[in-house]
Amino acid sequence: MENDEVKIKEDYLKNLDPKEFQEFKLSGLKAEKSENNYDFWFKCLYEFFSSGNYSGTRMLEIGSGPTVHNIATASAYFPYIVQSEFVESNCEQLRKWLRKDSDSLDWTIFLQRVARAEGREDVDAAVPEIEARIRSAVKAVVHADVLNDQVIPKEHTQEPYDLILSVLTFETAAVNLESYSNILGRANRLLRKGGKMILISATKCTYWQVGANKFHCLSLEENEIEDALKKNGFGEICWKVRERPDDDLPFNCKNVYFLTCTKL
């Protein structure tokens, strides 16, 4: 298993390009009709944060990629956010965006959809406000390795987090169910008791494609995910599932989901 995990890491380091990754994300918008997966996820995120049922201060995103839209709504509710990512070129793209560098990636089209999910009437006018609050909330961008027991640098684990968000990440690092379970256990140790974790991903997904490169994904059923969460100290598991459209997306799956759970 260890050798297989090393191969997965090497594949990401060698072949995952931030700009091609942005095209991968954009293809998910171009290929779908009417409401798409992102609209579903953004709506679920807004409903979670705006409900008032859970609040906190410290949030960790695991597997940020070079993107900022997944934490956009959270930035209105959590004033201390750490983004983390395995591929250093993605980390550098995040830092460029936070600094407003002229050559940073443009995530406007996604933030417009976030604004729509938040019920904003003028989505174009809302984007600069959302960008500003993200930049205010993000306190650090750090290296992450979910296949390492440390996961993120020690200086960012001195206090437990109130919330962990991970999008399409854990399955893409795990080589088998045991590996996936170990990843969940590592995430659990970063949370406070009673803390929440949000997982956004897809079931029965075997690959995702960025440019010409196909990357590994562990195919999991809903019951396997739920059993692994329970095994690693999570409860109060709540699913929202959207059946995958018939469009030609750059990954294969049975459906996509939004899952929340609590560290018991």
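So for the chain, taking the charge dipole from beta-carbon charges (+1 Lys/Arg, -1 Asp/Glu), which of SER89, ALA72, THR203 sits furthest toward the positive end? The listed residue farthest towards the positive side: ALA72. Derived scalar couplings between HN and Hα for the range 86-93 equal 6, 7, 5, 5, 5, 4, 5, 5 Hz in order, rounded to whole Hz, by the Karplus curve 6.51 cos²θ - 1.76 cosθ + 1.60 (θ = phi - 60°), x for Gly and Pro. Projecting the alpha carbon convex hull of the chain along each direction and taking the average yields 12.8 nm².
Distances between placed amide hydrogens fall under 5 Å for LEU165 paired with LEU60, GLU61, ILE62, ILE198, all partners being 5 or more residues away or on another chain.
Per DSSP H run of at least 4 residues, take -39500 (n - 2.57); add these up for the chain, divide by its residues and hand me the 222 nm value, nearest 500 deg cm²/dmol. Don't jump to the answer; show the numbers that get you there.
Numbers: 9 runs with 106 residues, N = 264.
Result for the chain, helices only: -12500 deg cm²/dmol.
Can you send over the carbon and sulfur percentage of the accessible area for the range 57-183, probe radius 1.4 Å, protein chains only? If you can, show how the numbers build up before the last one.
Numbers: 2210 of 4840 Å².
Carbon and sulfur atoms account for 46 percent of the accessible area of the range 57-183.
Taking the average, over residues, of other Cβ atoms within 10 Å as the packing measure, peptides 74-82, 156-164, 216-224 rank 74-82, 156-164, 216-224 from highest down. Counting lysine pairs in the range 63-222 whose alpha carbons fall under 27 angstrom apart, excluding pairs fewer than 8 residues apart on the same chain, gives 11. Using θ = phi - 60° in the Karplus curve 6.51 cos²θ - 1.76 cosθ + 1.60, the 3J(HN,Hα) couplings for the range 116-132 round to 5, 5, 7, x, 6, 6, 10, 5, 5, 5, 6, 4, x, 5, 5, 4, 5 Hz; x is entered for Gly and Pro.
The values are calculated or read from the model by the stated rules, or taken from the named source; none is laboratory data. None of the values given here were measured: they were computed from a predicted structure. Neighbour counts run over all protein chains shown; Cβ positions are idealised from the backbone, glycine included. Accessible surface areas use protein heavy atoms only, side chains included; no ligands, DNA or RNA. Shrake-Rupley method; radii C 1.70, N 1.55, O 1.52, S 1.80 Å.
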